[in-house]
Amino acid sequence: MRTNKAQALTPDFTVSFVIFLMVVALSINLWNVANDKELWIQDIEDMHKKARTITDILITNTGSPVGWDNETVVFLGFAEEDHVLNKTKLLSFKNTEYTIAKSLMNLGANDFNLTMYYKNGTIIMLDSKNITYGTDYSEGDYIMHSERIALINNSGNLISTKINLVLWRKL
């Protein structure tokens, strides 16, 4: 009578199993890296789209109600007409609390900085107030710029301005 005997763990099987586990672990790691990169790209694209949309809305919409100030504003918009901004609305916005302004722009986790410049690159002054609002973005990890050109109606005197909106987020 003959019995068949077999070894439960041979060196070949052990080495193969270790290699298999390494391949599985590497595959999971690569999958996570690729997934994180895809989420990062989507996040950047979302910030870019949001920055462009917000600047377009600010310079083309009157906001709500039409004659809003920093206490009555429901929907933000600086325009008197397309690409012509209302000085009173800009100054009212300057007096709006940052968290309220951020909420009105529907920014979520993003922070912002909105600055308006003359052609020569200096910041616009209206009634002795510089037209810049928001927080410093120099420490931001994700930073997105959107620039538009518009006019500011300063009591009938139209001032050409470059509007720079920066959305940013610290990780």
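In summary, Leu39 fulfils each of the numbered conditions (1) surrounded by 13 or more Cβ atoms within 10 Å (Cβ to Cβ); (2) of a type in the set (A, V, I, L, M); (3) out of contact with any Phe, Trp or Tyr (no Cβ under 8 Å at 6 or more places or on another chain) with the single exception of condition (1). The condition of being touching a residue at least 24 places away in the same chain (Cβ under 8 Å) and assigned to a loop (DSSP other than H, G, I, E, B) holds for only one of Thr72, Thr55, Thr96, that being Thr96.
Does the stretch 108-118 contain any residue that is in a loop (DSSP other than H, G, I, E, B), touching a Phe, Trp or Tyr at 6+ places or on another chain (Cβ under 8 Å) and at pLDDT below 95?
yes
Taking the criterion of being under 22 Å from the mean Cα position of the chain (by Cα) and exposed (fewer than 15 other Cβ atoms within 10 Å of the Cβ), the residues of the stretch 68-82 that qualify are Val74, Phe75.
Identify, please: which residue in the stretch 119-139 is of a type outside the set (Val, Ile, Thr), out of contact with any Leu (no Cβ under 9 Å at 6 or more places or on another chain) and part of a loop (DSSP other than H, G, I, E, B) and is, among those, farthest from Ile44 (Cα to Cα)? My answer is Ser128. None of Ser128, Ser103 is within 17 Å of Asn154 (Cβ to Cβ) and among the small types (Gly, Ala, Ser) except Ser128.
The values are calculated or read from the model by the stated rules, or taken from the named source; none is laboratory data. Fair warning: this is a prediction, and the values are worked out from it, not measured in the lab. Note: ideal-geometry Cβ built from the backbone for every residue, glycine included; neighbour counts use all protein chains shown.
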